[in-house]
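Chemist: Sending over a structure as structure tokens; questions will come in a sec.
Rule-based calculations on the coordinates, nothing more; no lab input. Computed from a predicted model, the values in this text were never measured in an experiment. In this analysis, Cβ positions are derived from the backbone assuming ideal geometry, glycine residues included, and neighbour counts consider all displayed protein chains.
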Amino acid sequence: MRSVTGGGTLTVSHGGRTRIDGDGLGSDATAAEFGLAAGLIRGDQLADGRIDHGLFVHVRCTNGRSVYPAAPGTTGTVCSDTAGAPPLGARIWLDMTDAQIAALALPSWKKTVLRALHRYGGYVGDTTGGNVSWGLQTLSGSSYTSFGKPDPMVDVAQGLRLKRWDGAYYLDVDSGVEWGRYLRVVDPCVAQGSCR
């Protein structure tokens, strides 16, 4: 731990480095050993109603295997019962049309997230150790506040009525969607570009 100018304590428990001019692979910051920065949901994206990239997904546990783009041999926390659990690196896809998403009685920010999951999907990059079944990652406010800048998510969160939990904004994506009916784990050949 190190004291931060202006007060507070910065605690780092794990980290990694991902090249900004590379393919995002080979980072030790996540269980899958790929960078998560490109898959983070930012406040401005929620406010604008548009996310133009895949999302970083964390799950409770995996089936003990890994698929591309996860590093070979990585697993994260393995489920005690692996039946139905995804491998680390799996691409998750929402099998709903834009029209079906638009017809849902949900807040606009949630429809923005659902459209991104439909258009680009999400990649399982880490496990939660049993804390929640699955979730998406938002950009940490400390990316700004540690440099003396205000957290841009604060204003967005208030306007969109997002909940705050354990120091981060909580995107309640669970309610209002029949996940068991529409969420799919895509064949790994899709991410590899090797389907025939």
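Chemist: Compute from the Cα atoms of the chain the Rg and the Dmax, the latter being the longest Cα-Cα distance, and quote both in angstrom.
Modeler: 17.2, 57
Chemist: With 10 angstrom as the radius, rank K149, K111 by how many other C-beta atoms surround their C-beta, starting from the fewest.
Modeler: K149, K111
Chemist: Report the full-extension gain for the segment K149 to T82: residue separation times 0.36 nm, less the Cα-Cα distance, to one decimal in nm.
Modeler: Computed gain between K149 and T82 is 19.8 nm.
Chemist: Under a Cβ-Cβ cut-off of 13 Å, what is the net charge of the residues other than D187 that fall near it, where Lys and Arg count +1 and Asp and Glu count -1?
Modeler: Result for the neighbourhood of D187: +3.
Chemist: Same structure again: Order by neighbour count: H58, H118, fewest other Cβ atoms within 10 Å first, most last.
Modeler: So the ranking, lowest neighbour count to highest, is H118, H58.
Chemist: Let me ask another. For L183 and A103 in the same chain, what is the full-extension length gain: residue separation times 0.36 nm, less their Cα-Cα distance, in nm?
Modeler: Contour length minus Cα-Cα distance gives 27.1 nm.
Chemist: Fewest Cβ neighbours within 10 Å first, please rank V177, V57 accordingly.
Modeler: Listing V177, V57 from fewest to most nearby Cβ atoms yields V177, V57.
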